[in-house]
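A.B. asks: Below are the structure tokens for one structure; questions will follow.
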Amino acid sequence: MKKRWQYISLKNKIFFLTTLLALMILVIFAGICSVSVRKSMLSMSRDYYIKALGLIEKNIDTTIRAIEDYSRIIASDYRMQEKLSEYVNAESEKDKLVVNYSIFRELAEIGSNVITPTTQISGMAVSVEGKIVYSGYDINPEAVYDILSSIHLEAAYERQVPVWVDLAPLTFSDYYHTRQNVFSVSKLIREKNSGQALGVVSFFINETNFSDAYMENVPGEAEDFYIVNTGNQIISSQDKENLYQNIHTVLGLSEKKFRELEEKGSTIIQEQRIPVLYMMDTYEKNGWRIISVHAMNELVLEEHRIIFFVGFVFLFVVFSVFILSRWISITVTKPIYTLLHTIDQIDDRHMDLRANVNATGEIQILITAFNDLMDKLDASVRQICQEQQLKRQLELNLLQSQIKPHFLYNTMEMIGSFIKLDMKEYALLSVQHLSGFYRMSLSNGNEIITLGEEMTIIENYLSLQKLRYTEYIDFRMEMDPGLCAYKVPKLFMQPLVENAIYHGLKPCGHKGVITVTGYEEQEWMCIRIHDNGVGIPAGELGQILQDLDKNTKSYGLRNVYMRLKFFYGKNCGFRIESKEEEYTQVCIHIPKILQTEEA
């Protein structure tokens, strides 16, 4: 063996040793990558589904709290209390029958406001002293007795808070005898003045309202979700065949694995080469447990990709080593070849490569000039990258400052309030202003719009704010019509108007006026935003002006300033004037750019 090695050529020795070393490194690297990727994906999957379970729990909690709120509203209804009080205080059974008849009609009217399709509630029943006095037109009282036991009703009397009963079948007395799997919640009805316990109102909620909570919010393939009660019985599932079954039977987990799932909140089982992730979270209010099952097909696919990648790299390494060994075997290497090799390797990801060759004469001059050229080119590329990064940051800040979510939420709440108060004209006006605001704000994705369109956006925005803060805000808009066709950056005035509202008018405690004025001075447009609010202290105004050129995290005033500088460069004037307790005014001077010109 030793003699054979001696007769092997240097080129082949280099090829063999280099290949062996590269393959060892490749195998170690592939193993480390496989383990790291597997751990990373498992960790990411756990984190993702922990958030998913949290979202499901939040949706279930929202559903439960909404239904409990309905039970409290119905239990405190004065008509309900009045009829039940008549029934409880009736002296004879005959009197109770008469009252019961009127109760049925009254409760049918009350219940119509909270029964499907108005809400998620499928049915309502009312019991007095353990007797069902109302169960609607579609529910037989006997079916209610099958769900609401005396123990459950007594618990509602004792706890005086909504009491939930786990899943149970409820058959309706309609033509088709519809059967639903329902949860029930009961709330004690107590007379407001005397505090007398009058009865219990119970709601029935279809199980699909809970299963839809995770079907709609956690989409994905090869995923199953279950809600399990304290007795390990499935009370909600995507597959309705699993309802009322024991979770051990459905999942097929051993006692050891199920205990691990309960203690750690997650466990992984390998099933036919596909790892399956089991997650569990507990909804403390009812003691329910939410269990999710996820087949991690992505992990198997990623492992296959790694195997394919390792095979590809293996072929690449063998080929590269062969070329490298041939190159090393050459006894005479000229500096020019090294320079050409360096040039071939340079691309947009390897701009830092330089020719490093010991040479003399013209070759050294050429290599030095090449290295100097690459240094200048690298510096230019870095500068361009920084400018592009600044541009992207400015665009991001623009998006962040355009339409703040809380503005939309507050406007929708205001519209909802107008509707509830039967102020339909105000609600319609609000919808018109909101649609006009967003229609112009979106503007087909264009970042450059006309000044007339920008003024329409501001008018809609101020109109909405005036409807909301009618006691604080009034506004005037005075714009030279000849300026409306000129181009400006979209939404450059909205942050300034918003600042005038929240930092100028609202703190002053009385109604103020925002004035938006636009006029032209030769080749310039002058735009002024003025409010007669609390103003800005002199020291604070100085600090604000200093911060305009600093990299602060403000997305309002500085964003407007930087965007205007970005679009107009030095041809932009930006000035803030203020007097404490009197006014604040922002003046902007920008060049006029026609629609036919490049913005």
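The values are calculated or read from the model by the stated rules, or taken from the named source; none is laboratory data. Bear in mind that the values here come from a model prediction, so they are computed numbers and not experimental data. Here the Cβ is made from the backbone with ideal geometry for all residues, glycine too, and neighbour counts use every protein chain on show. Note: areas computed on protein heavy atoms with side chains; ligands, DNA, RNA excluded. Shrake-Rupley method; radii C 1.70, N 1.55, O 1.52, S 1.80 Å.
A.B. asks: Consider only pairs whose beta carbons are under 8 Å apart and that are at least six residues apart or on different chains; among these, list those whose first residue lies in segment 283-312 and is on the phi > 0 side of the Ramachandran plot and among the small types (Gly, Ala, Ser) and whose second residue is surrounded by 15 or more Cβ atoms within 10 Å (Cβ to Cβ) and not in a strand (DSSP E or B).
C.D. replies: Gly287/Asn229
A.B. asks: For segment 461-488, which positions are in a helix (DSSP H, G or I) and surrounded by 16 or more Cβ atoms within 10 Å (Cβ to Cβ)? Let's see the steps before the verdict.
C.D. replies: Filtering segment 461-488 down to residues in a helix (DSSP H, G or I) leaves 461-468, 481-483.
Residues satisfying the conditions are Tyr461, Leu462, Ser463, Leu464, Gln465, Lys466, Leu467, Arg468, Leu483.
A.B. asks: Also: Starting from segment 491-503, keep only residues that are among the acidic types (Asp, Glu), then list their pairs with residues that are in a helix (DSSP H, G or I) and open to solvent by less than 10 Å² (accessible area, probe 1.4 Å) whose Cβ atoms are within a distance under 9 Å, requiring at least 6 positions of separation or different chains.
C.D. replies: Glu498/Tyr461; Glu498/Gln465
A.B. asks: Separate question: So, in segment 17-65, how many residues would count as being crowded, with 17+ Cβ neighbours inside 10 Å, touching a Leu at 6+ places or on another chain (Cβ under 9 Å) and farther than 30 Å from Trp288 by Cα?
C.D. replies: Of the residues in that region, 1 qualify.
A.B. asks: Could you look through segment 271-295, keep only residues that are assigned to a strand (DSSP E or B) and over 25 Å from the mean Cα position of the chain (by Cα), and pick out the one that is surrounded by the most Cβ atoms within 10 Å (Cβ to Cβ)?
C.D. replies: Step one: filter segment 271-295 for residues assigned to a strand (DSSP E or B), giving 271, 274-283, 288-295.
Then keep just the ones that are over 25 Å from the mean Cα position of the chain (by Cα); that gives 271, 274-276, 288.
On the way: Glu271: 10, Ile274: 13, Pro275: 18, Val276: 17, Trp288: 21.
Filtering segment 271-295 for residues that are assigned to a strand (DSSP E or B) and over 25 Å from the mean Cα position of the chain (by Cα), the one surrounded by the most Cβ atoms within 10 Å (Cβ to Cβ) comes out as Trp288.
A.B. asks: Whether any residue in segment 243-265 is under 20 Å from Asp47 (Cα atoms), among the small types (Gly, Ala, Ser) and in a loop (DSSP other than H, G, I, E, B) is what I want to check.
C.D. replies: yes
A.B. asks: Ok, one more. Name the single residue, out of those in segment 519-537 being open to solvent by 50 Å² or more (accessible area, probe 1.4 Å), assigned to a loop (DSSP other than H, G, I, E, B) and in contact (Cβ under 8 Å) with a residue 12 or more places away in the chain, that is nearest to Leu483 (Cα to Cα).
C.D. replies: Within segment 519-537, the match that is nearest to Leu483 (Cα to Cα) is Glu523.
A.B. asks: Check Gly509 against each of (1) open to solvent by less than 80 Å² (accessible area, probe 1.4 Å); (2) in contact with a Pro (Cβ under 9 Å, 6 or more places away or on another chain) and name the one condition it does not meet.
C.D. replies: (2)
A.B. asks: Looking at segment 275-296 only, could you name the residues that are out of contact with any strand residue (DSSP E or B) (no Cβ under 6 Å at 6 or more places or on another chain) and either over 16 Å from Ala213 (Cβ atoms) or of a type in the set (Val, Ile, Thr) (or both)?
C.D. replies: Residues satisfying the conditions are Glu284, Gly287.
A.B. asks: List the residue pairs whose Cβ atoms are under 6 Å apart, where the first residue sits in segment 566-582 and is small (Gly, Ala, Ser), the second is open to solvent by less than 90 Å² (accessible area, probe 1.4 Å), and the two are 6 or more positions apart or on different chains.
C.D. replies: Short answer, once both residue conditions are applied: Gly573/His589; Ser578/Gly535; Ser578/Ile536; Ser578/Leu541; Ser578/Thr584.
A.B. asks: Can you tell me which of Glu68, Glu86 is open to solvent by less than 20 Å² (accessible area, probe 1.4 Å) and among the charged types (D, E, K, R)? Quick ask: steps written out before the conclusion?
C.D. replies: Working: Glu86 fails: open to solvent by less than 20 Å² (accessible area, probe 1.4 Å).
Result: Glu68 is the single residue among Glu68, Glu86 that is open to solvent by less than 20 Å² (accessible area, probe 1.4 Å) and among the charged types (D, E, K, R).
A.B. asks: Moving on to the next point. Just to verify a result, which residue in segment 71-83, among those that are part of a helix (DSSP H, G or I) and closer than 12 Å to Asn113 by Cβ, is most open to solvent (accessible area, probe 1.4 Å)?
C.D. replies: Within segment 71-83, the subset part of a helix (DSSP H, G or I) is 71-75, 78-83.
So of that shortlist, the ones also closer than 12 Å to Asn113 by Cβ come out as 73-74, 79-80.
Numbers: Ile73: 103, Ile74: 8, Arg79: 56, Met80: 0 Å².
Top of the filtered list is Ile73.
A.B. asks: Would you check which residues across segment 135-156 are outside any helix (DSSP H, G or I) and open to solvent by 20 Å² or more (accessible area, probe 1.4 Å) and list them?
C.D. replies: Taking segment 135-156 and keeping what is outside any helix (DSSP H, G or I), we get 135-140, 148-149.
Across segment 135-156, the qualifying residues are Tyr137, Asp138, Asn140, Ser149.
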